[in-house]
Amino acid sequence: MPNKVAPDLDSTPGLEALVEVVRMLREPGGCPWDIEQTHATLVSHMLEEAYEAVAAIQNEDQENMCEEFGDVLLQVVLHAQIASEDGRFDLQDIAKGIAEKLIRRHPHVFADDQADDVDAVLKNWEAIKVEEKGHSKPKGMLHGVGEGLPSLMRAQKIQKKAAKVGFDWPDLDGVRAKIDEELAEVEEARESGDQAHLESEIGDLLLAVTNLARRSGVDAESALAGANDRFTKRFGLVEEGVLADGGDWATENIDQLEERWQEAKRELASGGGQ
């Protein structure tokens, strides 16, 4: 006989079954790994599952998308179960809270307000957020913006927020000039030999390039993800060529590697890749 009887997936609604399975995994006699988890230990898992779900979306992989969404949902249910064990909140509280927020922030749907386009919806959303926090101590405009996000995504969010009050270059010429300025400062820092200064200047350069992406209507996170994928595919073809010619990277000089790289680019481009 098994230690525990799993819910009947044919007769139990999926979400109810998931909540019950997680509860059983966490209770005495359950899984040692699940039992020892806390909100803090699950942070990396939450990030990993979210990124894998995004990858499935970008790849338009419907089957994998369903599975990855399930993995993300598992993280939410785990956090809810951990909190419920201390009597703080549970999955119902989470669901009710977000439902209330959606109703409150969509008065053009659930009340008498008007919002005829996306810009109007976003403007109302921000105004309602400010009103909701009106009784708390005032904080800076960028306080808490994008906290917990990867740095590239946070940079975009911060810049977008600052741009709403006009703190932005009037055109792309200013953005390009800023990139040139930051490149020059990176070179100065590199020549100085001050590693901390170099890190700071490279950070400023990355911030400026992120601004160029935003002002050009490009999502910097997606752009870099695409570049990573292209690099991986191209490098794979370079590696295949090296292995086919004896597999000795040490005998390949930079000119030979560049030639292989350009050939990989052409091959992928001709096959619909990039």
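The values are calculated or read from the model by the stated rules, or taken from the named source; none is laboratory data. This is a predicted model, so every value here is computed, not measured. Counting neighbours? That spans all protein chains shown, and the Cβs are built from the backbone with ideal geometry, glycine included.
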* Restricting attention to segment 127-161, report how many residues are of a type outside the set (S, T, N, Q), touching a residue at least 24 places away in the same chain (Cβ under 8 Å) and assigned to a helix (DSSP H, G or I). => 7
* Asked: Checking Val118 against (1) at pLDDT 95 or above; (2) over 24 Å from Val43 (Cβ atoms); (3) of a type in the set (A, V, I, L, M), which single condition isn't satisfied?
  -> (1)
* **Inter-residue pairs, beta-carbon under 6 Å, first free of Cβ contacts under 8 Å to residues at least 12 places away in the same chain and in segment 24-44, second outside any helix (DSSP H, G or I), 6+ apart** => Leu25/Cys31
* Members of segment 157-176 found to be over 15 Å from Val145 (Cβ atoms) and either in contact with an Asp or Glu (Cβ under 7 Å, 6 or more places away or on another chain) or loosely packed, with under 11 Cβ neighbours inside 10 Å (or both), listed by number -> Gly166, Pro170, Asp171, Asp173
* **Answer from Val186, Val175, Val165, Val209 - the residue that is within 28 Å of the chain's Cα centre (by Cα) and in contact (Cβ under 8 Å) with a residue 40 or more places away in the chain** => Val175
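Would you pick out the residues in segment 45-57 that are of a type in the set (Asp, Glu) and free of Cβ contacts under 8 Å to residues at least 24 places away in the same chain?
Taking segment 45-57 first, the residues of a type in the set (Asp, Glu) are 48-49, 52.
Those that are of a type in the set (Asp, Glu) and free of Cβ contacts under 8 Å to residues at least 24 places away in the same chain: Glu48, Glu52.
So which of Leu212, Leu237 is farther than 30 Å from Trp169 by Cα, at pLDDT 90 or above and either part of a helix (DSSP H, G or I) or not assigned by TED's automatic domain parsing to the domain that holds Gln159 (or both)?
Working: Leu212 fails: farther than 30 Å from Trp169 by Cα.
Testing whether each residue is farther than 30 Å from Trp169 by Cα, at pLDDT 90 or above and either part of a helix (DSSP H, G or I) or not assigned by TED's automatic domain parsing to the domain that holds Gln159 (or both) leaves just Leu237.
Can you tell me which residues in segment 81-113 are touching a helix residue (DSSP H, G or I) at 6+ places or on another chain (Cβ under 6 Å), free of Cβ contacts under 8 Å to residues at least 40 places away in the same chain and assigned to a helix (DSSP H, G or I)?
Pass one, segment 81-113, residues touching a helix residue (DSSP H, G or I) at 6+ places or on another chain (Cβ under 6 Å): 81, 89-91, 94, 103, 105, 110, 113.
Retained after the next criterion (residues that are free of Cβ contacts under 8 Å to residues at least 40 places away in the same chain): 89-90, 94, 103, 105, 110, 113.
Within segment 81-113, Ile94, Ile103, Phe110 meet the criteria.
Looking for whichever is modelled with pLDDT of 95 or more, at negative phi and touching a helix residue (DSSP H, G or I) at 6+ places or on another chain (Cβ under 9 Å) here; the options are Ala223, Ala177, Ala184, Ala189. Which one fits? Talk me through it step by step, then tell me what you get.
Working: Ala223 fails: modelled with pLDDT of 95 or more; Ala177 fails: touching a helix residue (DSSP H, G or I) at 6+ places or on another chain (Cβ under 9 Å); Ala184 fails: touching a helix residue (DSSP H, G or I) at 6+ places or on another chain (Cβ under 9 Å).
Just a single option satisfies the conditions, and that option is Ala189.
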* Since Pro32 meets every condition but one in (1) more than 28 Å from Ala223 (Cβ to Cβ); (2) surrounded by 13 or more Cβ atoms within 10 Å (Cβ to Cβ), which condition does it not meet? -> (2)
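Does Arg190 satisfy the criteria of being surrounded by fewer than 16 Cβ atoms within 10 Å (Cβ to Cβ) and in a helix (DSSP H, G or I)? Walk me through it before giving the result.
Values: surrounded by fewer than 16 Cβ atoms within 10 Å (Cβ to Cβ): yes; in a helix (DSSP H, G or I): yes.
The answer is yes for Arg190.
Which of the following residues is under 27 Å from the mean Cα position of the chain (by Cα), within 30 Å of His197 (Cβ to Cβ) and not aliphatic (A, V, I, L, M): Lys139, Lys157? Spell out the reasoning first.
Working: Lys139 fails: within 30 Å of His197 (Cβ to Cβ).
Result: Lys157 is the single residue among Lys139, Lys157 that is under 27 Å from the mean Cα position of the chain (by Cα), within 30 Å of His197 (Cβ to Cβ) and not aliphatic (A, V, I, L, M).
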* Which numbered condition Glu60 fails, given (1) under 23 Å from Gly226 (Cα atoms); (2) in a loop (DSSP other than H, G, I, E, B); (3) touching a residue at least 12 places away in the same chain (Cβ under 8 Å) -> (3)
* Is it the case that segment 66-80 has a residue that's farther than 19 Å from Ala53 by Cβ and surrounded by 12 or more Cβ atoms within 10 Å (Cβ to Cβ)? -> no
* To do: Go through (1) in a helix (DSSP H, G or I); (2) farther than 30 Å from Asp229 by Cβ and name the single condition Ala55 misses.
  => (2)
* Return only the number of the condition from (1) touching a helix residue (DSSP H, G or I) at 6+ places or on another chain (Cβ under 9 Å); (2) farther than 30 Å from Arg23 by Cβ; (3) in a helix (DSSP H, G or I) that Asp116 does not satisfy. => (3)
